[in-house]
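One structure below.
The values are calculated or read from the model by the stated rules, or taken from the named source; none is laboratory data. The structure presented is a predicted model; accordingly, all values stated were derived computationally and were not measured. We place every Cβ from the backbone using ideal geometry, glycine too, and count neighbours over all the protein chains shown.
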Amino acid sequence: MELLSRLLGGQERVKIMRYFLFHDKAVVSASTVAEKTKSKATTVRKELNALTGIGFLEKRRGKEFVTGKGKSVTKVKEITGYTLNGEFPHNQALKDLLFDFELLDKRELAARFKPVGRIKLFIVSGVFLGEEDSRVDILLVGEAIKRPKADKVLEVLSAELGREVVYSIMDVEEYAYRYKMYDKFVRDILDMPHEKVIDKLSEKTAPAQA
């Protein structure tokens, strides 16, 4: 990600470009972009102005759904926001570049989750291998997993990638049981292309021999 950030003008710009390329029909306010990309509001406004100036984005009137704090009621708000310029000539080339996650350092990715617990199995699939049909992008199995911390790491990762990362977290006992019972969800993950970045469970989860 560091190389792309240097080429394209910084990590914040990369995150914002990914967000709009993935949500290519949405009209979004600057405050929502800041929230979704986990970026500072002042930085976002500067980047939005720059990206609008080169024609990558355009300003447009639209509607945004706003949920009140602590409430389930969602309201529709009229905004002047930003949207991807569908006529920008380099959109496809940028998509090919910015959404090629196969070259990401998978061990660095796994290392981000070190504070959340004792990881025994870390599998990447889906978006990280260019497999859109996979059940998950990340499967994390471990002991003493602090789920709020794991959710936070995944939230930040989703912001960096410009799209939601689909994941599943299991403790070792649940995974071992579902593996040996040929659980469809687990088998679907393992039957599709995937990469085991960390694997300390192979012997424990292997089905018993007849």
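Structure notes:
- Of all the listed residues (V44, V14), the sole one being modelled with pLDDT under 95 and of a type in the set (A, V, I, L, M, F, W, C) is V14.
- Complete set of residues in the stretch 22-44 that are farther than 23 Å from G86 by Cβ, among the basic types (K, R) and either assigned by TED's automatic domain parsing to the domain that holds G162 or free of Cβ contacts under 8 Å to residues at least 60 places away in the same chain (or both): K40
- Every pair of residues 6+ apart whose Cβ atoms lie under 6 Å, when the first sits in the stretch 173-194 and is farther than 17 Å from L140 by Cβ and without any contact (Cβ under 8 Å) to a residue 60 or more places away in the chain while the second is charged (D, E, K, R) and surrounded by 14 or more Cβ atoms within 10 Å (Cβ to Cβ): none
- In the stretch 73-118, of all residues being over 27 Å from H194 (Cβ atoms) and aromatic (F, W, Y), the one that is nearest to the chain's Cα centre (by Cα) corresponds to Y82.
- E143 vs. criteria within 30 Å of V186 (Cα to Cα), free of Cβ contacts under 8 Å to residues at least 24 places away in the same chain and not assigned by TED's automatic domain parsing to the domain that holds R13: no
- Flag for I138 being in contact with a His (Cβ under 9 Å, 6 or more places away or on another chain) and at pLDDT 90 or above: no
- Filter result (of a type outside the set (K, R), exposed (fewer than 14 other Cβ atoms within 10 Å of the Cβ) and either in contact (Cβ under 8 Å) with a residue 40 or more places away in the chain or on the phi > 0 side of the Ramachandran plot (or both)) within the stretch 105-130: G130
- In the stretch 146-171, residue surrounded by the most Cβ atoms within 10 Å (Cβ to Cβ) [restricted to those that are in contact with a Ser or Thr (Cβ under 6 Å, 6 or more places away or on another chain) and free of Cβ contacts under 8 Å to residues at least 40 places away in the same chain]: V165
- Highlighted here are the helices (runs of 4 or more DSSP H) found entirely within the stretch 106-210 that include at least 1 residues which are closer than 25 Å to D96 by Cβ: 106-111, 147-161.
- Conditions (1) closer than 30 Å to P148 by Cα; (2) hydrophobic (A, V, I, L, M, F, W, C); (3) surrounded by 14 or more Cβ atoms within 10 Å (Cβ to Cβ): number failed by F65: (3)
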